[in-house]
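Following: one structure in C-alpha cells, then a few remarks.
The values are calculated or read from the model by the stated rules, or taken from the named source; none is laboratory data. Here the structure is a predicted model, which means the values were calculated and not measured. Don't worry about glycine lacking a Cβ; one is built from the backbone with ideal geometry, like all the others, and counts go over all protein chains shown.
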C-alpha cells in the first residue's frame with residue numbers, strides 16, 4: 001500500500017506543494033492498523049500499528065504505545081514506541097526513554113536516552129572499515145600456543 005499526495009488534491013484543498021518541515025502530512029491514529037508498504041514524501045506520525053515497510057524522505061515519529069513491525073527508511077526519526085525491523089535513517093535518529101528498536105540501525109547521528117532499548121547492530125558513516133576486536137578465546141589460544149613454543153625450546 002503506497003500513500004502519496006497528488007498535485008490535484010493539493011490544488012483542490014489549497015495545500016502548498018512545499019509544506020514546512022514541521023508540518024505533519026500523515027497520521028496513523030491509535031486505532032488504525034496498516035498492513036503493507038507505507039510511503040510518504042512528508043512527515044509521518046504513527047500512533048497505531050504499521051506492518052510491512054515504512055518510507056519517508058522527511059521525519060518519522062513513532063509515539064508511545066505505537067508499534068511498527070516493518071523495515072523503516074526515513075530522513076530523520078524519533079522513536080518513543082516499539083519498532084521491530086531494520087532502520088535506515090539518513091540524518092538523525094532519537095530513541096527516547098520509552099523507545100524500543102529490535103533490528104539493525106544505519107544512521108548518521110544517533111541520540112539514545114537512558115532507558116531506551118536497542119537489540120541489533122548500529123552502523124554509522126565513517127566506521128565502514130573499523131576493526132573488530134579479537135575474541136577472548138582467540139587471544140587465549142595464541143597465548144597458549146606461544147607458551148607451548150617457549151616450553152618446547
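Are any residues in the stretch 48-78 closer than 18 Å to residue 123 by Cβ and crowded, with 20+ Cβ neighbours inside 10 Å, and if so, which ones?
Our first condition is that a residue be closer than 18 Å to residue 123 by Cβ; within the stretch 48-78, this holds for 71-77.
Residues satisfying the conditions are 72, 74, 76, 77.
Could you list, in sequence order, all residues of the stretch 28-59 that are farther than 21 Å from residue 101 by Cβ and either touching a residue at least 24 places away in the same chain (Cβ under 8 Å) or touching a strand residue (DSSP E or B) at 6+ places or on another chain (Cβ under 6 Å) (or both)? Lay out the reasoning, then the answer.
Taking the stretch 28-59 as the starting set, the residues that turn out to be farther than 21 Å from residue 101 by Cβ are 29, 31-32, 36, 41-42.
36, 41, 42 - these are the residues of the stretch 28-59 that are farther than 21 Å from residue 101 by Cβ and either touching a residue at least 24 places away in the same chain (Cβ under 8 Å) or touching a strand residue (DSSP E or B) at 6+ places or on another chain (Cβ under 6 Å) (or both).
Within the stretch 79-96, being under 10 Å from the mean Cα position of the chain (by Cα), surrounded by fewer than 20 Cβ atoms within 10 Å (Cβ to Cβ) and more than 16 Å from residue 125 (Cα to Cα) holds for 84, 85, 86, 94. Scanning the stretch 97-109 for residues that are under 15 Å from residue 126 (Cα atoms) and over 8 Å from the mean Cα position of the chain (by Cα) turns up 108, 109. Applying the condition of being within 16 Å of residue 113 (Cβ to Cβ) and in contact (Cβ under 8 Å) with a residue 24 or more places away in the chain to the stretch 60-78 and asking which residue is farthest from the chain's Cα centre (by Cα) yields 64. Somewhere in the stretch 121-133, is a residue part of a loop (DSSP other than H, G, I, E, B), modelled with pLDDT of 90 or more and under 30 Å from residue 61 (Cα atoms)? Yes: one or more hits.
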